[in-house]
Structure formats: C-alpha cells, structure tokens
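First up is the structure itself, then whatever we jot down about it.
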Amino acid sequence: MLRCNNYVFAKSLEEAYELNQKRNNAVVGGNGWLRLRKRQWDTVIDISELGLDNIEENDDVFKIGAMVTLSDLEHDPGIEKYTKGAVRESLMHIVGTQFRNTVTVGGSIFGRFGFSDVLSMFIVLDSYAELYKSGIVPMHEFAKMPYDNDILTGIVVKKTPLKIAYSSFRNQSTDFPVVTCAIAIGSDKITTAIGARPSKADIRTAHIDELKDKEGYAAKIAKSFDYASNLRASGEYREHIAEVLIKRTLEKIEVSYGN
Ligand SMILES: Cc1cc2nc3c(=O)[nH]c(=O)nc-3n(C[C@H](O)[C@H](O)[C@H](O)COP(=O)(O)OP(=O)(O)OC[C@H]3O[C@@H](n4cnc5c(N)ncnc54)[C@H](O)[C@@H]3O)c2cc1C
C-alpha cells in the first residue's frame, strides 16, 4: 500500500521537479512498484495532469509521454507497424491486462529494473530518455546512469529503419522473465540486448557480417554477458537460455522481414 503524508497533483513540471528534490518525496507513475515499497513518503507527486499521456507520431519519430500506460503502448498502431509487433511481444507477458492498463512507460523506464522487458526492448531501438533537467539522453546511456531526482517526461524513438524482434523466457507465464532478448538490425549493424540476467539489460553491437554464422554469433554474444543466479534460475542456465533466445529472435526477424 502507498503510504504518504501528502498527495500532490503537480500543476507544472517545475513544481514536480522541485518537490522531487526532497529525499522523502517520490513521483508516482502507475503505482505498480511504488506501492510495494515498505516506506512512508512525505509527499507523493502525481504528474497525471501534465499532459504526458499521449503517443505522438510524425514522419521521423514517436514521442511517448511518461504517463502512457503499457497497454496504450502495446496497442498503438504506429508502434506496432514500425516494430512489426516486437514492442507488443515485449509487453504482452507482463502480469495481465488490468495491470498493464495502469502501469506507465515513465515508471518502467525510470525504474531501470533488472527484470524489465520494457528497458530490454527500447535499449536496442534508436531511442532516448527525455529528462526534465538533464535533457535527452540515449537510452543505453540512461540505463547506466545513477538514480537521481530528475523527472522522466517521456521517451523519443527515432524511426531509423531497423529489423526488430523480441523474445523472453519465463518459468511460468506472467512471472518475471528469466532472460529477455531484443535484437535490432540496421543497414550495417546488429544490436542485441540481453536482460534479466538478473541484472538490467545491456547491449552488444556488431557488424552485420557476423550474421553469416548465426550459431557462432549467438554463442559469442551470449557468452559476452555476465549472469548470476537467483530463485528463478542459475547463471549457467541463463547463459544457455540467452544463446537460445538470440537464435530464436534472429529467426523471428527472418520470418517477419525475410533475409
Ligand atoms: C508484481 C509485478 C510484476 C512485474 N512484472 C514485470 C515483468 O515481467 N516485466 C517488466 O518489464 N516489468 C514488470 N513489472 C514492472 C512494471 O511493468 C512497471 O514497470 C512498474 O510497475 C513501474 O511502473 P509504474 O508506472 O507502476 O511506476 P511506479 O511504481 O509509480 O514508479 C516506479 C518508480 O519510478 C519512479 N517514477 C515513476 N514515474 C516517474 C517519472 N515520470 N519520472 C521519474 N521517476 C518516476 C517512482 O518514483 C518509483 O521510484 C512488474 C511489476 C510488478 C509490481
């Protein structure tokens, strides 16, 4: 349960930012994760009245507001077309429909959770975190930044021509993933993200010539990440699954886009 002394609907991003500078205050997105923290907040800052709940699309980019829900993202026709269903695939296994109707892109990306399907997906795209004070930061850099008191206003995804696919492996449907895998292939570069290792998603980039030997590529990339054990799986098992997921994700790309 979310416990706080004050619940404030911010009237501007500046007000939300100022309030968020106090250690005992927190921004709330969909409250899916925040409510699980065993903590009494002084002020919880609600940014739902700041118009951050839209997905805007033009010829070059998608601008996805921080308060867009995972369901809105999952069912956005423009995102569906651009990623050929990869974003939908990354989101559809997260808990259930009612849950995804409430949790937000902002909370999911700002949280930089180790298990995050959302971060694993966006980190391989030409995407950027839009921060109120720090400005626009490439997603793979944002993933590594220390937690601070900035506010994520949204994410920007450039429509760079990419072949994209996503896979995850769960012990049981709707559970946290054991391993996640996203791949984006550009004109000369392949980017592969492996997440839930159980640490958060990171990427490897290589020249597309490496795909001449897909088995070799999958083995080499899977081996290049660190894995650890937790109650869901051992590190050794995760590494094995990562290699399998890389191969499967490359196959999905072949099926969706052809050779
Ligand atoms: C039981 C459970 C299972 C889950 N399973 C999965 C899964 O399988 N895969 C997956 O990818 N995710 C999973 N998640 C994570 C979920 O999808 C959301 O990412 C998570 O709930 C955070 O989103 P939220 O909108 O609820 O954020 P909140 O809980 O409201 O906030 C999360 C954190 O981000 C901060 N925050 C929120 N919005 C902003 C903002 N705009 N700017 C700055 N800081 C902000 C908050 O202060 C808080 O620290 C799971 C969560 C739960 C509770």
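The values are calculated or read from the model by the stated rules, or taken from the named source; none is laboratory data. Bear in mind that the values here come from a model prediction, so they are computed numbers and not experimental data. As a convention, Cβ positions derive from the backbone with ideal geometry for all residues, glycine included, and neighbour counts pool all protein chains shown. Side chains included, ligands, DNA and RNA excluded: accessible areas come from the protein's heavy atoms. Shrake-Rupley method; radii C 1.70, N 1.55, O 1.52, S 1.80 Å.
You will find that of Phe110, Phe169, Phe176, the residue that is of a type in the set (Phe, Trp, Tyr), surrounded by fewer than 24 Cβ atoms within 10 Å (Cβ to Cβ), at pLDDT 95 or above and under 26 Å from Asn20 (Cβ atoms) is Phe110 and no other. The residue that is farthest from Thr153 (Cα to Cα), counting only those in the range 84-103 that are of a type in the set (A, V, I, L, M, F, W, C) and assigned to a helix (DSSP H, G or I), is Ala86.
Of all the residues in the range 133-166, those that are open to solvent by 50 Å² or more (accessible area, probe 1.4 Å) and in contact (Cβ under 8 Å) with a residue 60 or more places away in the chain number 6. Taken over the range 127-172, the residue count meeting the criterion of being of a type in the set (Ser, Thr, Tyr) and more than 14 Å from the ligand (Cβ to nearest atom) is 3.
The test for being touching a residue at least 40 places away in the same chain (Cβ under 8 Å) and more than 8 Å from the ligand (Cβ to nearest atom) holds for Asp59. Applying the condition of being over 30 Å from Tyr237 (Cβ atoms) and of a type in the set (Val, Ile, Thr) to the range 150-172 and asking which residue is nearest to the chain's Cα centre (by Cα) yields Ile155. Residues Glu80, Glu57: which one is acidic (Asp, Glu) and farther than 17 Å from Tyr166 by Cβ? Among Glu80, Glu57, only Glu57 is acidic (Asp, Glu) and farther than 17 Å from Tyr166 by Cβ.
Here's the yes/no breakdown for (1) more than 24 Å from Phe122 (Cα to Cα); (2) loosely packed, with under 13 Cβ neighbours inside 10 Å; (3) over 17 Å from the mean Cα position of the chain (by Cα); (4) not polar (S, T, N, Q):
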{"site": "Asn6", "(1), (2), (3), (4)": "yes, yes, yes, no"}
{"site": "Gln21", "(1), (2), (3), (4)": "yes, yes, yes, no"}
{"site": "Gly32", "(1), (2), (3), (4)": "no, no, no, yes"}
{"site": "Thr69", "(1), (2), (3), (4)": "no, no, no, no"}
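Checked against (1) within 10 Å of the ligand (Cβ to nearest atom); (2) touching a strand residue (DSSP E or B) at 6+ places or on another chain (Cβ under 6 Å); (3) not aromatic (Phe, Trp, Tyr), Asn31 passes all but condition (2).
Taken over the range 1-28, the criterion of being of a type in the set (Phe, Trp, Tyr) and away from the ligand (no atom under 11 Å from the Cβ) is satisfied by Tyr7, Phe9.
You will find that of Arg204, Arg232, the residue that is part of a loop (DSSP other than H, G, I, E, B) and outside the structural domain of Val124 (by TED's automatic domain parsing) is Arg232 and no other. Of the residues Val87, Val95, Val124, the single one that is more than 6 Å from the ligand (Cβ to nearest atom) and either charged (D, E, K, R) or over 25 Å from Gly51 (Cα atoms) (or both) is Val124. Listed by position, the helices (runs of 4 or more DSSP H) contained in the range 104-144 that have at least 3 residues being under 17 Å from Ala196 (Cβ atoms) are 105-111, 117-122.
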